[in-house]
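Notes to accompany the following structure.
The values are calculated or read from the model by the stated rules, or taken from the named source; none is laboratory data. Note that this is a predicted model, so its numbers are computed, not measured. Here Cβ is always computed from backbone atoms with ideal geometry, including for glycine, and neighbour counts include all displayed protein chains.
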Amino acid sequence: MENAALDATGMAYVSGDCDRRSDMREDAPAIAALRGAPDARAVVIARDQAVLRGEGESAAALHGIDQAAAIGAVRLEAFLGLTPAGAPRFAFWLDDGAVEMREDASDGFLDRRALVVPGRTDLRLADLRSLAMKGAFDPPTLSMIATAKALISWHATHGFCAKCGAKSHAAAAGWRRECAACQTQHFPRTDPVVIMLVSDGDHCLLGRQARFPKGFYSALAGFLEPGETIEAAVKREVLEEAGVLCRDVRYLASQPWPFPASLMIGCFASASDRALTIDHKELEDARWFSRAEVRQMLAGDHPDGLASPGKMAIARTLLQTWSDA
Ligand SMILES: [Zn+2]
């Protein structure tokens with residue numbers, strides 16, 4: 001079955017279609033007028049999850065502005081932009097007190113929190129990963145929720161000025177924080193991560209971390225460091241984690257990965273040789289896989305039960321593109 005939350009590339013979170021209208025962010029009266037428009041809607045985030053109305057296929061992630069404000073105390077409102085039809089979209093961040101931790105994780109690891117709102121039984125919390133995997137929403141809506149979540153995660157962890165330590169406050173319709181003590185402006189951060197499929201002829205290099213599910217292998221990945229190019233980061237990470245020198249780094253695509261605020265930069269690279277020296281602090285295992293084996297993993301019928309990333313992730317796009325070549 002096709003997953004409706006993914007766009008044609010097979011990736012989640014890459015299909016935002018809002019015009020962000022950053023030119024309007026400083027114009028408080030204009031933002032207030034948009035907020036009052038009849039077609040204005042808000043994505044509501046509590047802690048780091050989306051608040052949904054209803055269940056299953058009829059679940060909705062967009063709330064009327066008044067209804068969103070009535071769910072609970074709102075810590076922050078951010079203007080996300082205008083849809084292609086011109087409808088204003090906002091992100092509301094609820095006070096932590098609106099959600100209650102639930103210890104009996106009946107829905108696996110994904111939904112451990114209950115939303116407690118007096119008089120409302122139609123609201124629930126949904127983890128962004130599970131929304132992507134279940135194909136709950138169309139790609140632009142899922143991408144909008146991801147944008148809201150990444151932005152709000154930044155506010156949640158940047159309440160104090162990184163320069164002087166004083167409390168900071170939100171500005172520019174949620175797209176900046178300012179420090180009244182030292183006048184420094186702070187902007188939402190995105191953390192670049194390189195993720196690369198290294199190949200040599202008809203074999204490619206995949207690794208697994210100890211925390212991965214049994215038999216699950218993926219492309220190597222790591223954070224870009226200050227002063228590095230994408231190409232240098234790819235080469236360094238592959239050398240550090242697998243002891244393989246590589247060359248000829250080629251960019252394929254990128255994917256916002258809002259856990260909490262990464263940008264996955266998907267690349268191919270060519271190995272100079274196949275000898276492996278695995279850094280076991282980073283990887284439990286790494287090995288070379290033939291194209292035939294990768295095709296079996298993608299199809300879910302590998303004889304040893306080995307598996308690869310699901311469709312929502314850019315690692316899958318890298319593997320699929322390479323195995324189709
Ligand atoms: Zn300051």
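Tabulated values for the structure
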item	result
Some residue of the stretch 305-325 being modelled with pLDDT under 95, aliphatic (A, V, I, L, M) and under 16 Å from residue 201 (Cα atoms)	yes
Some residue of the stretch 197-215 being within 16 Å of the ligand (Cβ to nearest atom), within 23 Å of the chain's Cα centre (by Cα) and modelled with pLDDT of 95 or more	no
Near pairs, Cβ below 9 angstrom, 6+ apart or cross-chain, from the stretch 177-200 (in contact (Cβ under 8 Å) with a residue 40 or more places away in the chain) to any residue that is in a loop (DSSP other than H, G, I, E, B) and within 16 Å of the ligand (Cβ to nearest atom)	188/158; 189/158
Search result, residues across the stretch 114-169 that are part of a loop (DSSP other than H, G, I, E, B) and either touching a helix residue (DSSP H, G or I) at 6+ places or on another chain (Cβ under 8 Å) or more than 16 Å from the ligand (Cβ to nearest atom) (or both)	116, 117, 118, 119, 120, 121, 122, 127, 135, 136, 137, 138
Filtered residues of the stretch 1-52 (kept if touching a Phe, Trp or Tyr at 6+ places or on another chain (Cβ under 6 Å), closer than 19 Å to residue 256 by Cβ and in a strand (DSSP E or B))	45
Subset of the stretch 170-179 (residues that are more than 18 Å from residue 46 (Cβ to Cβ), aliphatic (A, V, I, L, M) and either within 16 Å of the ligand (Cβ to nearest atom) or part of a strand (DSSP E or B) (or both))	171
Identity of the residue in the stretch 227-279, of a type in the set (Phe, Trp, Tyr) and under 26 Å from residue 133 (Cβ atoms), that ends up surrounded by the most Cβ atoms within 10 Å (Cβ to Cβ)	257
